[in-house]
Amino acid sequence: QRSIFHTESKPSPLAGMPVIYMMLAMLLHCRPSVAAEEFSGTAKCLLQRSVGKHAQLAEENAAQEATCTDTTTPVDLAFLVDSSGSIMWGGQDGFGDSKKYVKDVVSELQVGTAQTDTRVAVVQFSTEQSVEIDLNAGTSQDAIRTAVDRMSHLNGSTCTAQGIRKVRREIFKDAKAGAQKMLVFLTDGNHNCDYGRVDVQTDMARLEGTDILAVGVGSLITEDSLERMTGNADKVIKVDKYEDLVSIVRATSTKVCEKGEGHMATTTTTTTTLPHLVYKGDDPSETLELCEGDCDDDSHCEGDLICFQRDGFTLVPGCAGLGNERTDYCFDPSNPALPHLNYTEGTWDAPYIPGGLGACEGDCDTDSECQEGYVCFQRDDETRVPGCSGTGIKDHDYCHKPVLSDLGLDPDKSWGLGQCQGDCDDNSDCKQEEGLQCFLRPDSDETLVPGCDGTGAPGWDYCYRPA
């Protein structure tokens, strides 16, 4: 029997069967190592460690997060992503769903530069091929996310053979000695170019030691053709629509993790829903509740809430949404959902801090004293640190995850805008001595700014640190 991992939206062929025949059919449909379950009237084979349907995930507040740990063998992983015209047919956002799938899988892997870490490359293929990030650069989560976010849809034909050839010759030529080479191939159609043979390229790839996992989307790509590519039905995953890719993230990351002889460590987290910003008017008569505005000072806020003064669309701690531009909102400075400012003994004026400071930890003097992904928030007195609760120690500086901060359409740029600050117009508006550049976004666009949290003002541009 095939062990194709397949999610479906069709009516179940088991509908109306007597229970005993239904159970027998499901046992025959799945290998012993695969769990059979009935969901929404559809019989599916799901790997036991995989997550459920994307719709089910979206409705659950409690989610199982997982990370690949304890790997003993390095993995050099390449994603080969179909960027042909057909991925956008039928109202699908196959391009966006593919990008999210790649980022979600990578987020569960042990990526880095250590001896047993995973390195990641991403290649798009269509009539042309495009290397978005290679193995030498794909050694951090931020670098990979940034590269994927910047991908542009190629459009054109499905030239599968040329894509695999590109990976073989340009990506895996840099594979580390002793590393396991793995290719995750994602497509919605069979090779349709006039030149090149897929079987020749996949056979050569496997002979060169590359393990292939093929992910097929929709009915245009056949399970037989995917199995011929991988040489093994166990290495084929099939979904009906691009939006279903979210349901196979865990199955994919588990396959990669097992290649590195590691295991998936899961933790249960509870999602907290933040209240949205609510505008009550320029001069409301009633006292304002949490995330309500416009306030002018703390006396306008209920109880221990304080007025968060801001420019533009700076994120309000503990609140969701952008709100009105230049409108101030009441927030809870002791919000338990936010980490509290914490002073680490011995860090004041310390020349070196082993391991670096984490979220809302201080005292820092430069970004280099913070852990990867955090920056040092320089402040006077007890200025609030974005993403942190409490006031901390006066004049002490703390590491935090940089969030987009709006200083106006034409802010004072004489000293240069800092990381995640805007609106900038070109690179000269940003702090050159820190290597910052202006991340330009199209009008009304909310493209995520690499290394920064939040969406900021639509169409505004922000300074960022390139990977």
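The values are calculated or read from the model by the stated rules, or taken from the named source; none is laboratory data. All values reported here derive from a predicted model rather than from experimental measurement. Methodologically, a virtual Cβ is constructed for each residue, glycine included, from the backbone with ideal geometry; neighbour enumeration extends over all protein chains shown. Heavy atoms of the whole protein, side chains included, go into the accessibility calculation; ligands, DNA and RNA do not. Shrake-Rupley method; radii C 1.70, N 1.55, O 1.52, S 1.80 Å.
Just one of (1) out of contact with any helix residue (DSSP H, G or I) (no Cβ under 9 Å at 6 or more places or on another chain); (2) buried (at least 21 other Cβ atoms within 10 Å of the Cβ); (3) closer than 30 Å to N190 by Cα trips up C295, so point out which.
Evaluating C295 over (1) out of contact with any helix residue (DSSP H, G or I) (no Cβ under 9 Å at 6 or more places or on another chain); (2) buried (at least 21 other Cβ atoms within 10 Å of the Cβ); (3) closer than 30 Å to N190 by Cα leaves (3) as the failure.
Given the criteria assigned to a loop (DSSP other than H, G, I, E, B), touching a Pro at 6+ places or on another chain (Cβ under 8 Å) and closer than 30 Å to C388 by Cα, does P284 qualify? It would help to see each step written out before you state the result.
Details: assigned to a loop (DSSP other than H, G, I, E, B): yes; touching a Pro at 6+ places or on another chain (Cβ under 8 Å): no; closer than 30 Å to C388 by Cα: yes.
No; evaluated as a whole, the condition is false for this residue.
Filter the range 119-155 down to residues that are open to solvent by less than 50 Å² (accessible area, probe 1.4 Å), of a type outside the set (D, E) and part of a helix (DSSP H, G or I), then give me how many there are.
Going through the range 119-155 one residue at a time, the tally reaches 6.
Give the residue that is modelled with the lowest pLDDT, with candidates limited to residues of the range 412-427 that are within 21 Å of D453 (Cα to Cα) and acidic (D, E). Break it down stepwise before answering.
Within the range 412-427, the first condition is being within 21 Å of D453 (Cα to Cα), and the residues that meet it are 416-427.
From what is left, the residues that are acidic (D, E) are 423, 425-426.
Details: D423: 86, D425: 91, D426: 93.
The residue in question is D423.
Quick one: is E361 charged (D, E, K, R) and modelled with pLDDT under 85? Write out each step before concluding.
Details: charged (D, E, K, R): yes; modelled with pLDDT under 85: no.
For E361, the condition - charged (D, E, K, R) and modelled with pLDDT under 85 - is not met.
Test A320 against the stated conditions and say whether it is at pLDDT below 90 and touching an Asp or Glu at 6+ places or on another chain (Cβ under 9 Å). First the steps, then the outcome.
Values: at pLDDT below 90: yes; touching an Asp or Glu at 6+ places or on another chain (Cβ under 9 Å): no.
It is false that A320 is at pLDDT below 90 and touching an Asp or Glu at 6+ places or on another chain (Cβ under 9 Å).
Between a first residue in the range 78-106 that is over 14 Å from D188 (Cα atoms) and a second residue that is polar (S, T, N, Q) and open to solvent by less than 10 Å² (accessible area, probe 1.4 Å), which pairs have beta carbons less than 6 Å apart while being 6 or more apart in sequence or on different chains?
V105/T252; V105/S253
Cβ-Cβ distance below 8 Å, separation of 6 or more or different chains: which pairs start in the range 371-389 with a residue that is closer than 15 Å to Q419 by Cβ and at pLDDT below 80 and end on one that is in a strand (DSSP E or B) and β-branched (V, I, T)?
These pairs meet every condition: P386/V403; G387/V403.
Hey, among L404, L436, which residue is closer than 17 Å to C370 by Cβ and in contact with a strand residue (DSSP E or B) (Cβ under 6 Å, 6 or more places away or on another chain)?
Values: L404 fails: closer than 17 Å to C370 by Cβ.
Step by step, each of L404, L436 is checked, and only L436 is closer than 17 Å to C370 by Cβ and in contact with a strand residue (DSSP E or B) (Cβ under 6 Å, 6 or more places away or on another chain).
Select from the range 335-346 the residues that are open to solvent by 40 Å² or more (accessible area, probe 1.4 Å) and assigned to a loop (DSSP other than H, G, I, E, B) and write down the one among them that is modelled with the highest pLDDT.
Step one: filter the range 335-346 for residues open to solvent by 40 Å² or more (accessible area, probe 1.4 Å), giving 336-337, 339-340, 342-346.
Still in the list and also assigned to a loop (DSSP other than H, G, I, E, B): 336-337, 339, 344-346.
Details: P336: 62, A337: 61, P339: 74, T344: 80, E345: 74, G346: 70.
It comes out as T344.
Can you tell me how many residues in the range 428-448 are part of a loop (DSSP other than H, G, I, E, B) and at pLDDT 85 or above?
We begin by selecting, within the range 428-448, every residue part of a loop (DSSP other than H, G, I, E, B); these are 431, 435-436, 440-448.
Now restrict to residues that are at pLDDT 85 or above: 431, 435-436, 440-441.
Going through the range 428-448 one residue at a time, the tally reaches 5.
Looking only at residues that are within 19 Å of N335 (Cα to Cα) and open to solvent by less than 90 Å² (accessible area, probe 1.4 Å) in the range 273-286, which one is modelled with the highest pLDDT?
In the first step, residues of the range 273-286 are kept if they are within 19 Å of N335 (Cα to Cα); the result is 273-278.
Still in the running and open to solvent by less than 90 Å² (accessible area, probe 1.4 Å): 274-275, 277-278.
Values: L274: 72, P275: 83, L277: 85, V278: 89.
Per the criteria, the residue is V278.
Select from the range 420-444 the residues that are touching a residue at least 24 places away in the same chain (Cβ under 8 Å) and either open to solvent by less than 10 Å² (accessible area, probe 1.4 Å) or within 26 Å of the chain's Cα centre (by Cα) (or both) and list them in ascending order. Please lay out each step first, then the result.
From the range 420-444, those touching a residue at least 24 places away in the same chain (Cβ under 8 Å) are 420-425, 429-431, 434-439; that's our starting set.
Hits for the range 420-444 are C420, Q421, G422, D423, C424, C430, E434, G435, L436, Q437, C438, F439.
Mind listing just one residue for me: the one in the range 390-415 that is in contact with a Cys (Cβ under 8 Å, 6 or more places away or on another chain) and in a strand (DSSP E or B) and, of those, surrounded by the fewest Cβ atoms within 10 Å (Cβ to Cβ)?
Among them, the one singled out is V403.
Which count do you get for residues in the range 298-334 that are aromatic (F, W, Y) and open to solvent by 10 Å² or more (accessible area, probe 1.4 Å)? Write out each step before concluding.
Applying the first criterion (aromatic (F, W, Y)) to the range 298-334 yields 308, 313, 329, 331.
Going one step further and asking which of them are open to solvent by 10 Å² or more (accessible area, probe 1.4 Å), we end up with 308, 313.
Residues flagged as aromatic (F, W, Y) and open to solvent by 10 Å² or more (accessible area, probe 1.4 Å) within the range 298-334 amount to 2.
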